[in-house]
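Undergrad: My questions all concern the structure below.
The values are calculated or read from the model by the stated rules, or taken from the named source; none is laboratory data. What you see is a predicted model; the values in this text were computed from it and never measured. Ideal geometry is used to build each Cβ from the backbone, glycine not excepted, and the neighbour counts take in all protein chains shown. For the accessible areas, the whole protein counts, side chains as well, though only heavy atoms, and no ligand, DNA or RNA atoms are used. Shrake-Rupley method; radii C 1.70, N 1.55, O 1.52, S 1.80 Å.
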Amino acid sequence: MALNRIVVLVGGVGGAKLAHGLAQILEPERLTIIVNTGDDFWHYGLRVCPDLDTVLYTLSGLVDPVNGWGIAGDTAHMLEALRRYGEEGWFRLGDRDLATHLLRTMWLRQGRTLTQVMDELRARLGVPQRLLPMTDAEVATVVDTVEHGELEFQTYFVRYRWQPVATAIRYRGLEGASVSEDVARAIGEADAILFGPSNPWLSIAPILSVPGMRELLLARDVPRVALSPIIEGNAVKGPAAKLMAELGYEPSAAAVARYYGDLINGYVFDERDAGLNIPVARATTFDTLMKTQADRARLAGQMLDWINSWGRNESLGDHPG
Ligand code: FO1
């Protein structure tokens, strides 16, 4: 099976690591990264796009290696100045990171699309891979919680540190959203579509909820392979396992595979979970923890080698059960 063009759907930190692994082993023109924008929000008049920026900073080598988001060595003078004015400053916008939000907001105000803005930012930072927002429309993830009712995503995630109990997750603004031409072309030309180890509900589901996205993906008779974000019932990072339990799913790699259902025809999960019964036509295990940059390239290579080994002429649409 000739895997020339690879599309990967990602959210923030975990997805950015897989994207970086792929970027290390593929020629740049073979990789397109489609990124969740449900986490995006307006903050002090600026358009902030955390997942896009996390991928941008990871691929450009600027990312803070401890947090996995933001810029390494960034300072917080702006935040301190905001607090002097009595502002809470709960969202830690670093001084250098601010430049990204200023440019993005200016260019958006001048009428450029988010796709064009991100293309300019990644080119100026020397990132050669295509980095596409899931849509150019403003779609916002909203979390319904027991304690506070409806919360904007960043309020839920950062301000309340994802501690409130979630009862539902919704995506606002879908009625005005569509798949961009660039995203449609990338999916249409892909020889394999990967789902990053990002939170299925908070990071991948917003991408899938863009009108037309599911149909585009399902129309492609190519490997569509997800990488589990759950290892031994726990999320590698963030609230995936907690959310699954709150939304009525058993937190496991198997439940994530069931959630993706017929969107995927292949599944990669961690070798520590080797005993699990995975309801996907093709499934395999690797060491999926990406602790180092070398781990990212190793796992990306293992995934592509495995997909390459699939039979040449079988139809990929089959899905048991
Ligand atoms: N995450 C936090 O937990 N606390 C923060 O203060 C914070 C600030 C921040 C600033 C810019 C940026 O691009 C990302 C930032 N993140 C922060 C991460 C981000 O909000 C989340 O990791 C994602 O939205 C979830 O994928």
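Undergrad: Per residue, how much accessible area does the stretch 242-288 have with a 1.4 Å probe, in Å²?
TA: It amounts to 37 Å² per residue over the stretch 242-288.
Undergrad: Using only the alpha-carbon atoms of the stretch 1-97 as identical scatterers, what base-10 log of I(q)/I(0) does the Debye formula give at q = 0.11, 0.23 Å⁻¹?
TA: The Debye formula, applied to the Cα set alone, gives -0.39, -1.18.
Undergrad: Restricting to DSSP H runs of at least four residues, report the calculated mean residue ellipticity at 222 nm for the chain, -39500 (n - 2.57) per run over all residues, nearest 500 deg cm²/dmol. Let's see the in-between values first.
TA: Values: 11 runs with 109 residues, N = 321.
One gets -10000 deg cm²/dmol as the mean residue ellipticity at 222 nm.
Undergrad: What does a probe at E88 reach in the stretch 152-195, counting residues whose amide N is under 18 Å from the point 7 Å along Cα→Cβ?
TA: 152-166
Undergrad: In nanometres, what is the gap between the two model label sites at R172 and A274, each 7 Å from Cα along Cα-to-Cβ?
TA: 4.8
Undergrad: Nearest 0.05, what FRET efficiency do Q116 and E27 give at R0 = 25 Å with Cβ-Cβ as r?
TA: Approximately 0.60, to the nearest 0.05.
Undergrad: Mind checking which aspartates and glutamates have their Cα closer than 17 Å to the Cα of K242? Skip sequence neighbours fewer than 8 apart in that chain.
TA: D144, E147, E232, E250
Undergrad: Please report the carbon-and-sulfur percent of the accessible area for the chain; probe 1.4 Å, protein heavy atoms only, DNA, RNA and ligands left out.
TA: Carbon with sulfur: 50 percent of the solvent-accessible area.
Undergrad: Give, in nm to one decimal, the length gained when the segment between R109 and T75 is fully stretched (0.36 nm per residue of separation minus the Cα-Cα distance). Intermediate results must be reported in sequence, preceding the final value.
TA: Values: separation 34, 0.36 × 34 = 12.24 nm, distance 2.67 nm.
Between R109 and T75, full extension yields an extra 9.6 nm.
Undergrad: Using the alpha-carbon atoms, what tilt in degrees (0 to 90, nearest 10) does helix 114-124 show relative to the longest principal axis of the chain?
TA: 90
Undergrad: Points 7 angstrom from Cα along the Cβ direction at N67 and R258: gap in nanometres?
TA: 3.7
Undergrad: Right, here's the next one. Percent antiparallel among DSSP beta bridges with both residues in the stretch 187-321, to the nearest 5?
TA: Counting DSSP beta bridges with both partners in the stretch 187-321, the antiparallel share is about 15 percent.
Undergrad: Quick check on the chain: of the DSSP beta bridges with both residues there, what percent are antiparallel, nearest 5%?
TA: Numbers: 16 of 40 bridges.
Looking only at bridges with both residues in the chain, the antiparallel portion is about 40 percent.
Undergrad: If you don't mind, another one. Between the helical axis of 13-25 and the dominant principal axis of the chain, each derived from Cα atoms, what acute angle in degrees is found, rounded to the nearest 10?
TA: 60
Undergrad: Another one. So what does Y249 come to for accessible area, using a 1.4 Å probe and Å² rounded to 10?
TA: Accessible surface of Y249 is approximately 80 Å².
Undergrad: Okay, moving on. Counting Lys and Arg as +1 and Asp and Glu as -1, what is the net charge of the other residues whose Cβ lies under 10 Å from the Cβ of D74?
TA: -1
Undergrad: Which number do you get for Rg(Cα) / (2.2 N^0.38 Å) in the chain?
TA: This ratio for the chain stands at 0.96.
Undergrad: Would you mind computing, in nm to one decimal, how far apart the modelled labels at D144 and R124 are, each placed 7 Å from Cα along Cα→Cβ?
TA: Modelled inter-label distance: 4.1 nm.
Undergrad: Quick check on the stretch 3-101: of the DSSP beta bridges with both residues there, what percent are antiparallel, nearest 5%? Write out the running numbers ahead of the final one.
TA: On the way: 4 of 9 bridges.
Beta bridges within the stretch 3-101, antiparallel portion: roughly 45 percent.
Undergrad: Going by alpha carbons, how many degrees (0 to 90, nearest 10) lie between the helix axis of 293-308 and the longest principal axis of the chain?
TA: Roughly 40 degrees between the two axes.
Undergrad: Let a ≥ b ≥ c be the square roots of the eigenvalues of the Cα gyration tensor of the stretch 27-66; is it rounded (a/c under 1.5), or, if not, prolate (a/b larger than b/c) or oblate?
TA: It comes out oblate by the Cα gyration axes.
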